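Beneath this line is the structure, given in C-alpha cells, with notes to follow.
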Amino acid sequence: MAAVWERPAAEVAEFLDERVGEQELTVANGEFEGGEQLDYATWKRRYTEAMARKASVVIEKDEHGFYAWCPELKGCQSQGNTLEETLANIKEAIELYLETLPPDERDVLLSQEILTTAVEVNA
C-alpha cells in the first residue's frame, strides 16, 4: 500500500513511529529525479535530524564590548567582551530560541530574507 504525504519529515516520522514502530518500511523519496527507495531508519535519520540553517546577526560595538541580535527572532540577543565570544554567545542564544519553536514556525522565521548594506549620508 502506498501513501503520499506532503508534510514536514518530523511530523511524518512521529506519525509512523506511533502507528508502525519497528516494522519494515520503505520510503520513496520524491525529492530526487526518479525517486529514491530508502529503508525507514535511513530516511528518518536523514530527514529528521537537525539541519544546519542560517540566521542573520547584527553586531554592534561600544565601550562595553559587543552586542548581537537576530532580526528574524524577536528578542533573541546576546553580548560578549570580544567578537569571538559574542558570536559564540549569539549562536547559542539562537539555537536555544529555536528549540522552543514548533518546526513549521522555525521554518517560516528562518526563511525570511534579511539584507544589510551601508549607505553614505551627508552629516
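Bear in mind that the values in this text are calculations on the coordinates, not laboratory data. Keep in mind that this is a model prediction, so the values were computed, not measured. In this analysis, Cβ positions are derived from the backbone assuming ideal geometry, glycine residues included, and neighbour counts consider all displayed protein chains.
Available extension along the chain between Asp107 and Glu60 is 14.3 nm, counting 0.36 nm per residue and deducting the alpha carbon span. Sorting the segments 92-103, 53-64 by their residues' average number of neighbouring beta-carbon atoms within 10 angstrom, most packed first, yields 92-103, 53-64.
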